[in-house]
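One structure below.
The values are calculated or read from the model by the stated rules, or taken from the named source; none is laboratory data. The model shown is predicted, which means the values in this text are computed figures rather than measured ones. Every residue, glycine as well, gets a Cβ built from its backbone with ideal geometry; the counts of neighbours run over all protein chains shown.
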Amino acid sequence: MKFHVGIDPSRGEVSYYLEPNKKKTAFPEINVCKVTQNEIEKVQTIFDEIKLKINGNLGFLCIYLNPEYNQEARKKFIQCSLKCGFQNVEIINDKTIVYLESISQIKYKPLNGNIFWICMSFCLIDIWEIKNQKAIYIGEFKADSSKLNELQKVVNGSKLNKGPDIVIQYDEINKVNIGKISNDCEYFEIKLDRYWCSRLCLLKARTATGDRQLSHLYVSSFLSQKISLKIEDKEIAAFNVGQKLPIIFFTEIIKKPGDYVLKVESCRDYGNYNESDTFELPNYNEINLIFKIDTNEIFSVSFEKMPNVP
């Protein structure tokens with residue numbers, strides 16, 4: 001028997017589930033040390049407390065980290081969780097949390113081809129599409145639902161050629177206008193309760209084990225913030241929100257005078273780069289760059305000397 005676990009470090013909350021739980025009893029929850037984005041030296045303490053309070057074999061783990069947790073913090077959580085004994089570890093983002101919360105509250109199981117609009121507010125819409133029994137994040141759109149032309153722009157911007165099949169609303173929306181772009185969609189009204197994000201992480205951990213009870217909650221991994229690669233100030237590549245993970249990118253670099261570093265910039269907010277990592281370019285002039293982003297949004301950079309071609 002194994003314990004599967006969900007963690008929200010920012011609140012110090014842990015939810016866990018013993019497999020198999022044939023009695024389907026309530027899933028226990030415990031409190032551990034809180035770790036904010038600026039306290040990565042305390043990450044190990046979380047896992048020390050988990051081992052102390054959960055006595056048994058550890059299985060799958062899912063951790064919720066908001067965009068303020070940088071690359072160093074993400075790597076630390078993965079390192080400590082594997083060292084603790086977890087078999088599999090994944091990190092999820094804000095959008096995945098909202099999707100899991102939304103779908104887990106409604107009495108509807110997503111079907112292939114379904115388009116979901118999750119209306120977080122009067123003007124903010126997250127769009128998801130179901131493909132091969134998995135939810136694919138399409139993007140975030142802004143529209144005033146009282147203005148039909150703005151809703152049509154959302155349909156066009158999604159590039160799905162259709163409006164929603166399911167609308168999940170956290171706030172009031174104009175159903176008359178939505179009905180004009182999608183006349184047979186269903187509506188579900190729910191309340192936002194982000195207090196126990198660890199419970200949603202636990203659901204995600206269980207889906208990773210192949211738990212058939214939760215097959216309707218399968219979600220694909222995607223990039224939650226724009227990442228740009230620059231040599232000095234010239235952009236050579238960009239990866240946008242919603243791109244499927246993992247990403248593997250190759251390119252050739254011919255160094256020019258004044259080219260000393262590669263910058264990897266992460267954009268959490270619209271147009272503002274909040275985090276920048278630099279990598280010194282090697283001494284040779286012709287370089288193969290290999291850039292990777294894994295499913296936990298942790299990136300890596302490597303350089304290789306281009307072979308001489310006779």
Restricting the search to the stretch 175-225, which residues are closer than 22 Å to residue 117 by Cα, in contact with a Ser or Thr (Cβ under 9 Å, 6 or more places away or on another chain) and basic (Lys, Arg)? 175, 204
Those residues of the stretch 203-219 which are over 16 Å from residue 102 (Cα atoms), under 14 Å from the mean Cα position of the chain (by Cα) and in a loop (DSSP other than H, G, I, E, B) amount to none
Lone qualifier among 103, 130, 115 - being in contact with a strand residue (DSSP E or B) (Cβ under 6 Å, 6 or more places away or on another chain), under 28 Å from residue 296 (Cα atoms) and not charged (D, E, K, R): 115
Residue 200 - would you say it is in a helix (DSSP H, G or I) and at negative phi? yes
Exactly one of 47, 86 is of a type outside the set (A, V, I, L, M), in contact with a helix residue (DSSP H, G or I) (Cβ under 9 Å, 6 or more places away or on another chain) and either closer than 20 Å to residue 137 by Cα or in a loop (DSSP other than H, G, I, E, B) (or both), and that residue is 86
May I ask you to list the residues in the stretch 214-247 that are under 20 Å from residue 280 (Cα atoms) and among the β-branched types (Val, Ile, Thr)? 227, 231, 236
I'd like to check something: does the stretch 140-162 contain any residue that is surrounded by 16 or more Cβ atoms within 10 Å (Cβ to Cβ) and closer than 17 Å to residue 217 by Cα? no
What residue, of 215, 220, 302, is surrounded by fewer than 15 Cβ atoms within 10 Å (Cβ to Cβ) and modelled with pLDDT of 95 or more? 302
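Let's see how each residue does on (1) exposed (fewer than 15 other Cβ atoms within 10 Å of the Cβ); (2) under 30 Å from residue 263 (Cβ atoms); (3) at pLDDT 95 or above:
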| site | (1), (2), (3) |
| --- | --- |
| 65 | no, yes, yes |
| 69 | no, yes, no |
| 74 | no, yes, yes |
| 78 | no, yes, yes |
| 91 | no, yes, yes |
| 98 | no, no, no |
| 114 | no, no, yes |
| 126 | no, yes, yes |
| 171 | yes, no, no |
